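Asks: Starting off with a structure, shown below.
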Amino acid sequence: MRFPLTPDEEEFRQRVRAFCAENLPRSLAKKVRANVELDREDYVGWQKRLAKGGLLCGAWAREDGGQDWSALQSYLFDEECALAGAPWLLPFGVNYVGPVLCKYGTPEQKRRYLPGILSADTFWCQGYSEPEAGSDLASLRTRAALTGDHYRVTGRKIWTTMAHWADRMFCLVRTSIAGKPQAGISFMLIDMKAPGVSVRPIISIEGRPHLNEVLLEDVRVPLEDRVGEENAGWTIAKYLLSNERLLVAEIGKQKRLLAAARFLLGEASIDAREGLAALDVRLAALEWTALRTVREASVGSPSAAAVSMLKIRGSELEQAITEFAVEAMGEAALAYDSNLESKDETALMRNGMIAQMLSSRAATIYGGSNEIQRNIIAKSIVGL
Ligand SMILES: Cc1cc2nc3c(=O)[nH]c(=O)nc-3n(C[C@H](O)[C@H](O)[C@H](O)COP(=O)(O)OP(=O)(O)OC[C@H]3O[C@@H](n4cnc5c(N)ncnc54)[C@H](O)[C@@H]3O)c2cc1C
């Protein structure tokens, strides 16, 4: 049974599907389906194709260069791209700093930075977390001191996804230690090539180097690259985090993973059939819940608890699908190679599933850990 869509929504879905069929290179879709490690060009090349088709920043307002998509259209776009085998749409420019600049940027900042996001020419990364500031982000310590027409920024950011490829980093820095920790934070745009910026790779559990530590040593940041007022960064930081929340369950990706599990396991044994059916049921329930929540978003704001629930159930399901597939591989799962190159499609898919199983350990941590999501649910429902 399918979630009811209006004829316009169905037409939109078909349009995105047709775009992907025409524009997504088959070789790239094959890499994505097998979860082979992608390079910068794989991500950027696809984003440029979307940009040319007017689909990259569809959720932005028309006056900012977007298409005014509804929350449901954004959901359908995300799902269709994932099902087609498109690379993860890097959210740092399109969904994070772009909307922030649309809302809080000066006309000059918009003129300077929005075109590079709309065309996928500027690669952004997110400098929020620090070694002692993750869940408790407001305790961040990277210091920015104003001297004349610029700040001097010193500190250390961590887990900065794809910082080694980035041109710019949007960053939370401490500009005051007076009052509550949240009250002394500012939002800045940092040039990754500025003197004093260095990037060190962190190899993650699946053996790939997409995470980084970013060291900032007396980095000069012009005053005009502060977004919003000094010490008003916390409000902007929270606005940014609210932007991608409705897509957190990643239904398209889950469907793709389940299809890959089915391909690898076949339905030969009763155990495999039962296991896959149970995962199908969990996915269907999550999909309907996600779609109901997205519908609510078109008539108002969905509750924080509903969105947190999607994050918890989505990340747990991703772990369940990949763990089930890897366990069912038996001994074959022992031969993992993070750099495997092979012409054997099944060997690549198997290896990719193991990589995905390993990397999905992080799904319950990033984007607000599941414990933090449970706190949000408790607060909003039980009032704790
Ligand atoms: C793959 C990956 C990519 C990431 N990419 C980025 C990025 O691009 N940019 C960026 O800025 N950050 C990024 N992060 C960082 C991410 O946001 C943090 O890891 C996350 O916020 C958790 O912070 P932490 O790692 O410091 O853990 P901590 O906050 O130290 O938490 C440790 C444990 O304690 C639990 N805990 C903490 N506080 C509470 C509480 N109040 N109640 C109950 N339990 C609690 C947590 O749930 C967790 O289990 C990424 C992380 C990962 C894993």
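Asks: I want to check the label-to-label distance for Ile177 and Ala259. Put each point 7 Å from Cα in the C-beta direction and report it in nm to one decimal.
Replies: Reported label-point gap for Ile177 and Ala259 is 5.5 nm.
Asks: Gap in Å between the Cα centre of segment 52-110 and the Cα centre of segment 324-384?
Replies: Taking the Cα centre of segment 52-110 as reference, the centre of segment 324-384 is 26 Å away.
Asks: Under 5 Å between amide H atoms, partner at least 5 residues away or on a different chain: which partners does Trp69 have, H built in plane at 1.01 Å?
Replies: For Trp69, whose amide H was placed from the backbone, the distant partners under 5 Å are Ala59, Trp60.
Asks: Follow-up question, since we're still on this one. Per residue, what volume in Å³ does the convex hull of the Cα atoms of segment 234-301 enclose?
Replies: Numbers: hull volume 6.1 nm³, N = 68.
So the per-residue hull volume is 90 Å³.
Asks: Moving to a separate point now. Between Ser27 and Leu215, what FRET efficiency follows from the Cβ-Cβ distance if R0 is 41 Å, with the result rounded to 0.05?
Replies: Numbers: r = 36 Å, r/R0 = 0.89.
With a Förster radius of 41 Å, E is 0.65.
Asks: Let me ask something else. Between Gln126 and residues 5 or more places away or on another chain, which pairs have amide H atoms under 5 Å apart, with H built 1.01 Å from N, and which residues are they?
Replies: The answer is Thr161.
Asks: Check the straight Cα-Cα distances from Lys48 and name the lysines below 23 Å, setting aside those fewer than 8 residues away within the same chain.
Replies: Lys30, Lys31, Lys110, Lys193, Lys253
Asks: Around Lys103, under 11 Å between beta carbons, what's the net of Lys plus Arg minus Asp minus Glu among the other residues?
Replies: Details: positive: Lys110; negative: Asp64.
Here the charged neighbours net out to 0.
Asks: Still on this structure, I have one more. Once you keep just the Cα pairs under 8 angstrom separated by 6 or more residues, what percentage relative contact order results for the chain? Could the numbers behind the result be given before it?
Replies: Numbers: 623 pairs, mean separation 59.5, N = 384.
Relative contact order, the chain: 15 percent.
Asks: Taking every Cα atom in segment 1-130, find the radius of gyration and the maximum pairwise distance Dmax, and write them in Å.
Replies: Final numbers for Rg and Dmax: 15.3, 49 Å.
Asks: Which of His150, His164, His210 ends up with the largest GNM mean-square fluctuation for the chain, with Cα atoms connected below 10 Å?
Replies: His150
Asks: So which lysines can Lys379 reach, going by Cα to Cα under 20 Å and dropping same-chain residues fewer than 8 places off?
Replies: Lys379 reaches Lys238, Lys311.
Asks: Also, quick follow-up: Residue-wise, which Karplus ³J(HN,Hα) couplings in Hz belong to segment 323-340, taking 6.51 cos²θ - 1.76 cosθ + 1.60, θ = phi - 60°, and x for glycine or proline?
Replies: With coefficients 6.51, -1.76 and 1.60, one gets 5, 4, 5, 6, 4, 5, 6, x, 4, 4, 6, 6, 8, 7, 9, 5, 10, 4 Hz.
Asks: Using the alpha-carbon centroid of each, what span in Å lies between segment 189-232 and segment 113-148?
Replies: 7 Å
Asks: Can you list residues from other chains, or at least 5 along the same chain, whose modelled amide H is less than 5 Å from the amide H of Val227?
Replies: Phe187, Met188, Leu189
Asks: Given the C-alpha centroids of segment 18-35 and segment 298-323, what is the distance between them in whole angstrom?
Replies: The two parts, judged by their Cα centres, are 26 Å apart.
Asks: Pop out the ³J(HN,Hα) list for segment 87-100 in order, Karplus 6.51 cos²θ - 1.76 cosθ + 1.60 with θ = phi - 60°, rounded to Hz; leave Gly and Pro as x.
Replies: Residue by residue, segment 87-100 yields x, 3, 7, 4, x, 4, x, 5, 9, 9, 6, x, x, 4 Hz.
Asks: So what's the angle, to the nearest 10 degrees on a 0 to 90 scale, between helix 251-265 and the longest Cα principal axis of the chain?
Replies: So the inclination is approximately 40 degrees.
Asks: Send over a whole-number figure in Å² for the accessible area per residue of segment 267-384, probe 1.4 Å. Spell out each step's value before the answer.
Replies: On the way: 6360 Å² over 118 residues.
In whole numbers, segment 267-384 has 54 Å² accessible per residue.
Asks: Multiplying the sequence separation of Glu341 and Glu224 by 0.36 nm and subtracting their Cα-Cα distance, what value in nm do you get? Please report the intermediate quantities before stating the final value.
Replies: On the way: separation 117, 0.36 × 117 = 42.12 nm, distance 4.64 nm.
Full-extension gain reported as 37.5 nm.
Asks: When averaged across all projection directions, what area in nm² does the alpha-carbon convex hull of the chain cover? Each step should come with its number before you reach the end.
Replies: On the way: hull surface 80.2 nm².
For the chain, averaging the hull's shadow over all directions gives 20.1 nm².
Asks: In deg cm²/dmol, rounded to 500, what helix-only [θ] at 222 nm does the chain give when every DSSP H run of at least 4 residues adds -39500 (n - 2.57) and the total is split over its residues?
Replies: Values: 12 runs with 175 residues, N = 384.
Counting only the DSSP helices, I get -15000 deg cm²/dmol.
Asks: Express in nm, to one decimal, how much length is gained between Ile203 and Ile270 on full extension, taking 0.36 nm for each residue of separation and deducting their alpha carbon distance. It would help to have the intermediate numbers written out before the result.
Replies: Working: separation 67, 0.36 × 67 = 24.12 nm, distance 3.81 nm.
Going from the current span to full extension adds 20.3 nm.
Asks: Report the extension gain between Arg2 and Glu108 in nm, rounded to one decimal, defined as 0.36 nm multiplied by the number of residues separating them, less their alpha carbon distance. Don't skip to the answer; put the middle values down first.
Replies: On the way: separation 106, 0.36 × 106 = 38.16 nm, distance 4.58 nm.
Separation in residues times 0.36 nm, less the Cα-Cα distance, equals 33.6 nm.
Asks: Rg to Rh for segment 289-384: what is it, with Cα atoms only and Rh by Kirkwood? Could the numbers behind the result be given before it?
Replies: Numbers: Rg = 17.8 Å, Rh = 15.5 Å.
With Rh from the inverse mean 1/r over Cα pairs, Rg/Rh is 1.14.
Asks: Taking θ as phi - 60°, what are the ³J(HN,Hα) couplings along segment 103-111 by the Karplus curve (6.51, -1.76, 1.60), each to the nearest whole Hz, with x for Gly and Pro?
Replies: Along segment 103-111, the couplings run 8, 10, x, 6, x, 5, 5, 4, 4 Hz.
Asks: Starting from the 7 Å offset along Cα-to-Cβ, what nm value, one decimal, do you get for the label separation of Ser298 and Val382?
Replies: 3.5 nm
Asks: Over all directions, how big on average is the projection of the convex hull of the alpha-carbon atoms in segment 124-235, in square nanometres? Before the final figure, lay out each step's value.
Replies: Details: hull surface 27.0 nm².
The Cα convex hull of segment 124-235, projected and averaged over all directions, gives 6.8 nm².
Asks: Next up: Please report Rg over Rh for segment 217-337, where both radii come from the alpha carbon positions and Rh follows the Kirkwood definition.
Replies: 1.18
The values are calculated or read from the model by the stated rules, or taken from the named source; none is laboratory data. What you are looking at is a predicted structure, and each value in this text was computed from that prediction instead of being measured. Neighbour counts are summed over all protein chains in view; Cβ atoms, including those assigned to glycine, are modelled from backbone coordinates with ideal geometry. Quick note on the areas: whole protein, heavy atoms, side chains included, nothing else; ligands and nucleic acids left out. Shrake-Rupley method; radii C 1.70, N 1.55, O 1.52, S 1.80 Å.
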